[in-house]
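What follows is a set of notes on a single structure, which appears directly below.
The values are calculated or read from the model by the stated rules, or taken from the named source; none is laboratory data. Every value quoted in this text rests on a predicted model; they were computed, and no experiment measured them. In this analysis, Cβ positions are derived from the backbone assuming ideal geometry, glycine residues included, and neighbour counts consider all displayed protein chains.
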């Protein structure tokens, strides 16, 4: 009984340090983690520069492996600290933490994959919890709820756009033909997407009068289409509730974003 109690005691202290920023030790750990993440991302960026890689390649690779080992140890400690490791491992932050160390190990088999280590930058999202910026967490939850609520409307909108792109691409293939660069319907669809999104690479351009008229209509249509998803999400954001959000992490599943007055985790039911 005493052994179990002692184990729960050190796991509780480990959880407080790693997942919470209320204590001095927890805040220091999180700030140190953020600095380490920034340094590791900077090392990856510098290694991609040929001149820097030639001069400091060995040092940067050593730093890369050092950061990877440290993050690997941290990931294992996070799994130990929570009551339900599987829930943490499959959560957003759990997946990001795992992906933050995998590229270095994969580089032993597939050279070059270490460039994917920039995904560690996603771990900087924890800064909102570290600095206790609860209002940012609340706004983030509202944005996520608005996107989820408008998913069907956005899906219908995207389906409509895809049909328009398909039809316009086929029409441009018939109007312009292979002699003007529209050598196939897929290539004409590519031109339609580039034109409708107002990117306009200019690698393919219509030459006929009718083709130019269609292109002009597609460009104008593009401005109208771009505004549609913004309006859909804005409406849902206006309807989103503004409830206070806590920065406390659940001891069992490590999930955050609970209501300020919550006593139990809304994801797994454990006491907060």
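For this structure, a couple of remarks:
- Within the range 94-110, the set of residues being part of a helix (DSSP H, G or I) and surrounded by 20 or more Cβ atoms within 10 Å (Cβ to Cβ) comprises 94, 97, 103, 104.
- Residue match in the range 55-77 (condition: outside any helix (DSSP H, G or I) and farther than 17 Å from residue 97 by Cβ): no
- For residue 215, the conditions (1) surrounded by fewer than 17 Cβ atoms within 10 Å (Cβ to Cβ); (2) under 37 Å from the mean Cα position of the chain (by Cα) are fulfilled apart from (1).
- Residue check for residue 145: farther than 30 Å from residue 12 by Cβ, at pLDDT 85 or above and out of contact with any strand residue (DSSP E or B) (no Cβ under 6 Å at 6 or more places or on another chain): no
- Matching entry among 188, 216 (being assigned to a helix (DSSP H, G or I), touching a helix residue (DSSP H, G or I) at 6+ places or on another chain (Cβ under 8 Å) and either at pLDDT 90 or above or outside the structural domain of residue 89 (by TED's automatic domain parsing) (or both)): 188
- Taking first residues from the range 141-167 that are in the same structural domain as residue 189 (by TED's automatic domain parsing) and in contact (Cβ under 8 Å) with a residue 24 or more places away in the chain and partners that are surrounded by fewer than 12 Cβ atoms within 10 Å (Cβ to Cβ) and part of a helix (DSSP H, G or I), no Cβ contact under 6 Å between residues at least 6 apart in sequence or on separate chains turns up.
- The set of residues from the range 240-259 being at pLDDT 65 or above and either on the phi < 0 side of the Ramachandran plot or part of a helix (DSSP H, G or I) (or both) comprises 248, 249, 250, 251, 252, 253, 255, 256, 258, 259.
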